[in-house]
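Okay, structure first, notes after.
The values are calculated or read from the model by the stated rules, or taken from the named source; none is laboratory data. The structure presented is a predicted model; accordingly, all values stated were derived computationally and were not measured. Here the Cβ positions follow ideal geometry from the backbone for every residue, glycine too, while neighbour counts run over all protein chains shown. Areas reflect the complete protein model, heavy atoms only, side chains present, ligands, DNA and RNA absent. Shrake-Rupley method; radii C 1.70, N 1.55, O 1.52, S 1.80 Å.
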Amino acid sequence: MPPDPEKMTDLVAVWEVALSDGVHKIEFEHGTTSGKRVVYVDGKEEIRKEWMFKLVGKETFTVGASKTRATINIDAVSGFAYEYTLEINGKSLKKYMENRSKTTNTWVLSLGGTDYRVVLEKDTMDVWCNGKKMETAGEFVEDGTETHFSVGDHSCYIKAVSSGKRKEGIIHTLIVDDREIPEAVE
């Protein structure tokens, strides 16, 4: 199917948001003559409004498996220039991602030619792999805890060990088939 020439001509902003279930792409179209507003999440249309008289304002929608709240703010900068900012759970995208790096660990690895993205939510100890929440089994070991799960036919666990330093807290390490996987920076 050829691309619709009407579509994407009013694309004004694109954001990538890393959540536990994956990295989501948010695209926003704003027709400053018609007032049209269209929000796409991962290529799927979430909101479409034609003929909006008010060109500024906000659009709120959800992203991902956990239905995370997202808001696009449309502000007039000057004359016919507009600024678009994305908020996730009420925080600016930058603030949200900074906070997220404190509350989650992310690992990216390749097993048998398939890429996997594993995310640990530290507060709940939930483990996500490629968009699905994993079945896990926790066990206490001599120097901490291990959270076991499997990816395909690979046995994996996340080891949690105290760093001995209050500022660092607990160090989480992903072990796949007895091999340590380095943490990814998103």
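The rows are residues; the columns are (1) modelled with pLDDT of 95 or more; (2) over 30 Å from Thr32 (Cβ atoms).
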residue	(1), (2)
Ala70	yes, no
Ser78	no, no
Lys132	no, yes
Gly152	no, yes
Ser162	no, yes
Lys165	no, yes
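Selection of the range 120-136 for residues being touching a Lys or Arg at 6+ places or on another chain (Cβ under 9 Å) and in contact (Cβ under 8 Å) with a residue 60 or more places away in the chain yields Asp126, Trp128, Asn130, Gly131.
Going by what's in this entry, would Thr32 be described as under 30 Å from Ala184 (Cβ atoms), among the hydroxyl-bearing types (Ser, Thr, Tyr) and either open to solvent by 40 Å² or more (accessible area, probe 1.4 Å) or not in a helix (DSSP H, G or I) (or both)? No.
Any residue that is farther than 30 Å from Lys132 by Cβ and among the hydrophobic types (A, V, I, L, M, F, W, C) - is there at least one of those in the range 78-93? Yes, that holds for at least one residue. Of all residues in the range 53-78, those satisfying the criterion of being open to solvent by less than 70 Å² (accessible area, probe 1.4 Å) and either outside the structural domain of Val17 (by the TED database) or not in a strand (DSSP E or B) (or both) are Leu55, Val56, Gly64, Ala65. Those strands (runs of 3 or more DSSP E) of the range 126-183 in which at least 1 residues are farther than 19 Å from Leu109 by Cα, considering only elements entirely within it, cover 137-141, 144-151, 154-162, 170-176.
I need the full set of residues from the range 121-156 which are closer than 26 Å to Asn99 by Cβ and aromatic (Phe, Trp, Tyr), in order please. Residues satisfying the conditions are Trp128, Phe149. Scanning the range 134-186 for residues that are touching a Ser or Thr at 6+ places or on another chain (Cβ under 8 Å) and among the polar types (S, T, N, Q), we see that the one that is farthest from Lys122 (Cα to Cα) is Thr136. Val14 satisfies every condition listed in (1) in contact (Cβ under 8 Å) with a residue 12 or more places away in the chain; (2) open to solvent by 70 Å² or more (accessible area, probe 1.4 Å); (3) farther than 30 Å from Val127 by Cβ except (3). Among the residues of the range 37-52, those identified as loosely packed, with under 14 Cβ neighbours inside 10 Å, of a type outside the set (Lys, Arg) and modelled with pLDDT of 95 or more are Asp42, Gly43, Glu45. Does Val108 fit the bill of being open to solvent by 40 Å² or more (accessible area, probe 1.4 Å) and of a type in the set (Val, Ile, Thr)? Taking the combined requirement at face value, the residue satisfies it.
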